[in-house]
Every structure is written in structure tokens, then in C-alpha cells.
Number of protein chains: 2
Amino acid sequence: MKIVPSSVERLIEELGKLPGIGPRTAERLAFHMLKSDPVRATTLGAAIDGLHAGVHACRTCFNFAEAEECEVCGSLTRHRTTIAVVEEPFDVVAIEKTGLYQGLYHVLGGVISPMDGVGPDRLEIASLVQRAQNGEVEEIILATNPSLEGESTAMYIRGQLEPTGIKLTRLARGLPVGGDLEYADQITLGRALQGRQSF
Amino acid sequence: MKIVPSSVERLIEELGKLPGIGPRTAERLAFHMLKSDPVRATTLGAAIDGLHAGVHACRTCFNFAEAEECEVCGSLTRHRTTIAVVEEPFDVVAIEKTGLYQGLYHVLGGVISPMDGVGPDRLEIASLVQRAQNGEVEEIILATNPSLEGESTAMYIRGQLEPTGIKLTRLARGLPVGGDLEYADQITLGRALQGRQSF
């Protein structure tokens, strides 16, 4: 017996392909949309459909951009001496939200992952090395994720950039703010101990 | 500085209106869609846009239907003597998944909620009372949620149906399967005790 109409089934299937959306959440979302005003579904459908229109990779840093260069690269007030190397455009948004960074970015487009067949040539590493040699850059922050793959990608990039003599840094490791010693994993606690600061 | 392209901003806003999707999840989903193949976004967009097309309320039970009647009401194998009264079409799906129910449904379209201005006349209660008097119905299961509003809606419907003399039942209350006595709330445990069964 077909309990769920086919248009709903199709939507549940598509929603279920999104990350973090399991079959039950997909079902709940689809039924919610079906219950709400059809205009809202049309608006959301159009927003998803039009998502890629007018969005390109910035020709300099490979972040998402609406013009040829992204707003950060095109800005006159950002410090051109510092580049933060991140995995994904989403990481740029996260760092911007801190309001504490005034430099530029470089978006790799992923991490080196032999398991998934992603080698250094699939990432924007060559373009970073080239960019590092433009004479302006003084510091490159390797802001890849503190994961195994993020770490090894950072290591690889360090190898590529060391000959340039530019200062290379990593984001600090330690206890998350608001965290609890008791619940911190050993490695994080170890890093927090090693990186302890004078009070 | 505009870090997020406007098409992405628009999508984040629309996704954030869905239940259970906070601003961070909306952001993550939008960036995921932007990273994936544009064809997938178009497919999802079209699925959402076409969701309401061809879906109506069943004229008998008010569940979602693609024809005039839903598949359950139109079926020749379902037991026409029993009606399960549920709040939403989603509840029909949940009960169908158990594979243990062979009767018909009646979808109220919500619960009585004076706070939200929903009175009995806004729900499919009059149509239920009328349906109950068709001479076929022997049992009506009031399968509203075990919440305050679900309970009071069931109480109200009981008042309306009592004159018909039809057998009225409620879903059993007790400990959830796989649950743990220690973590059960007092009220659930109390109901489980009251409704204890011989072993």
C-alpha cells in the first residue's frame, strides 16, 4: 500500500541525501513542507534551484565569490601580509564570525585523502605556493581542521612553503572555551598542557 | 563585508524556517549544496517546488491522497469497522510502519489548542462524528499524541462520540521498548504500573 504520495516520496529521497539528514528527519521535513503554505515550498525550491547562479570561485583565494574576486580579496582594508589557509569556504565564514582576523584567505577545496583519491594536485596548493611568492606575504596560517587529514595536509603544505622562508603558523590547540577538564579527551588535554600560557 | 553570496544567504534564510534546522545547520546544508553538483540542487529544488502538485486531502479521512480518496480508504482489504483518529498525516505513516494495523484512519489536522486559537471547529471532528454513524464502525481508537493537548483533544472527541455507543479506545501507555526503568519519568512509570499485564 502506498501511504506516502509520490511527490513526497521523491522529496524524502532527495532530502535524505543531505549530510546529517537521516530518513526520519527527511520524512518529517517533507511532511512539514506539505502542511505549510505552498508558497513557502515554492520559495525554498527556487532558492535551492538558484543557488549556484552567479556564484564562482574567487580567482585569487578560491573562496565563493559573486564577482571575479571575493569580497575579502577585493577589500582595501584587509591586511595583505597574512593568508589563512582553510579547507572549505565554510571555514572562511567561521573565522570571519570571530571578527578577529583581518588578513586574506586561501581555500584549498578539501584535504589530502589517499583513501578518497584526493592527492595534493586536486587541491589549490600550487596556487598557494605561487601566491606566497608575490612579495607581500609575511605569514601563512595553516588553518586546516585539527583532524588527521587536516594535520597531514598542513604538514604537506609546510614542506612546500618552507623554501620561501615565510613564517608559518597553526591555530592554537587547547581546551574549548566553556569546556570541562573532566570531559576533554587525552590528546586535547595534552596539547592544552604543552601550549600553556603565563597567567 | 559580505562573505556569503546572496543566493546562499537567501537559501540559509529559507532553510532556517524549517523545523529542527537552526542557523548553523542551515549554513552547513547550504554550503554542502553549493559544493555538490548543481544538478543535485536543481533536482532537490524541483522536488520541493512540485511537492504540493497532485496532493490533496482524502475526502473521507483527510489524510494526504493523490486521488480523491487515499489508498487506505480506497483499499478493499482494510477493516472498515475500525477507525484510528490521529493528529497528522505523519502519524498515519508511523502507524502503517508497525504493520500491525488493518483498519482505517481519520486525520484531525491538529489538536485543540486555545493558546494557538485552534478550537474543535478548526479540526476534522464534525466529519468524524458523521463518519462514525455510517453503521459500519465498531471501534474508534483515539490515537492522538500522549501530550497535554493530545489528551484533551481525545477527551473532547470522547464527549462527542459517547452518544453513538461505539467502543472507544486509547493507545496503551507504558515504558518504551528498549527503555530503562531508571530513566523513565514518573508519569510514564505510573501509567506502566497501572496498566500492568499478566505474564
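About the centre of its Cα atoms, the stretch B:6-54 shows a dipole size close to 140 debye [charges on the beta carbon of Lys, Arg (+1) and Asp, Glu (-1) only; nearest 20 debye]. Would you mind telling me which residue in A:83, A:12, A:48 has the biggest mean-square fluctuation in a Gaussian network model of chain A, where springs connect alpha carbons within a distance under 10 angstrom? Maximum fluctuation in the GNM of chain A, among the listed residues, is at A:12. Surface composition of the protein assembly as shown: carbon and sulfur atoms hold 55% of the protein heavy-atom accessible area at a 1.4 Å probe.
A simple rule links phi to the HN-Hα coupling: the Karplus curve 6.51 cos²θ - 1.76 cosθ + 1.60 with θ = phi - 60°, which for the stretch A:176-182 gives x, 4, x, x, 9, 3, 4 Hz, with x for Gly and Pro. Using just its DSSP H runs of length 4 or more, each adding -39500 (n - 2.57), chain B gives a mean residue ellipticity at 222 nm of -11500 deg cm²/dmol after division by all residues.
In the stretch B:6-54, a dipole from Cβ-located charges (positive for Lys and Arg, negative for Asp and Glu) runs towards its positive end, and of B:21, B:41, B:8 it is B:21 whose Cα lies farthest in that direction.
Lysine pair count for chain B with Cα-Cα distance under 30 Å and sequence separation of 8 or more or different chains is 5.
Of all DSSP beta bridges confined to the protein assembly as shown, the antiparallel ones make up roughly 20%. Chain B against chain A buries an accessible area of about 5300 Å², both chains summed, 1.4 Å probe radius. The charge dipole of the protein assembly as shown, taken about the Cα centre with unit charges on the Cβ atoms of Lys, Arg (+1) and Asp, Glu (-1), comes to about 400 debye, rounded to the nearest 20.
A Gaussian network model of chain A, with springs between Cα atoms under 10 Å, assigns the largest mean-square fluctuation among A:99, A:22, A:50 to A:22. Taking every protein chain into account, the accessible area of chain A amounts to 57 square angstrom per residue (probe 1.4 Å). Computed from phi, the 3J(HN,Hα) profile of the stretch A:99-116 under the Karplus parametrisation 6.51, -1.76, 1.60 (θ = phi - 60°) reads x, 10, 10, 10, x, 9, 10, 9, 9, 6, x, x, 10, 5, 8, x, 4, 9 Hz, with x in place of Gly and Pro. Rounded to the nearest whole Hz, the Karplus-based 3J(HN,Hα) values (6.51 cos²θ - 1.76 cosθ + 1.60, θ = phi - 60°) of the stretch A:161-172 follow the sequence 8, 3, x, 6, x, 6, 5, 10, 10, 10, 5, 5, with x at glycine and proline. Distances between placed amide hydrogens fall under 5 Å for residue A:141 paired with A:83, A:84, A:85, A:169, all partners being 5 or more residues away or on another chain. About the centre of its Cα atoms, the stretch A:56-170 shows a dipole size close to 280 debye [charges on the beta carbon of Lys, Arg (+1) and Asp, Glu (-1) only; nearest 20 debye]. Considering only A:114, A:38, A:163, the Gaussian network model of chain A with Cα springs below 10 Å gives its largest mean-square fluctuation to A:38. Here's the picture: charge each Lys and Arg Cβ at +1 and each Asp and Glu Cβ at -1 in the stretch A:56-170, and of A:83, A:58, A:112 the one pushed furthest to the positive end of that dipole is A:83.
The values are calculated or read from the model by the stated rules, or taken from the named source; none is laboratory data. Keep in mind the model is a prediction, meaning the values are calculated, not measured. Because the Cβ atoms are built from the backbone with ideal geometry, glycine has one as well, and the counts that use them run over all protein chains shown. Side chains are part of the model used for accessible areas, which takes the heavy atoms of the whole protein and leaves out ligands, DNA and RNA. Shrake-Rupley method; radii C 1.70, N 1.55, O 1.52, S 1.80 Å.
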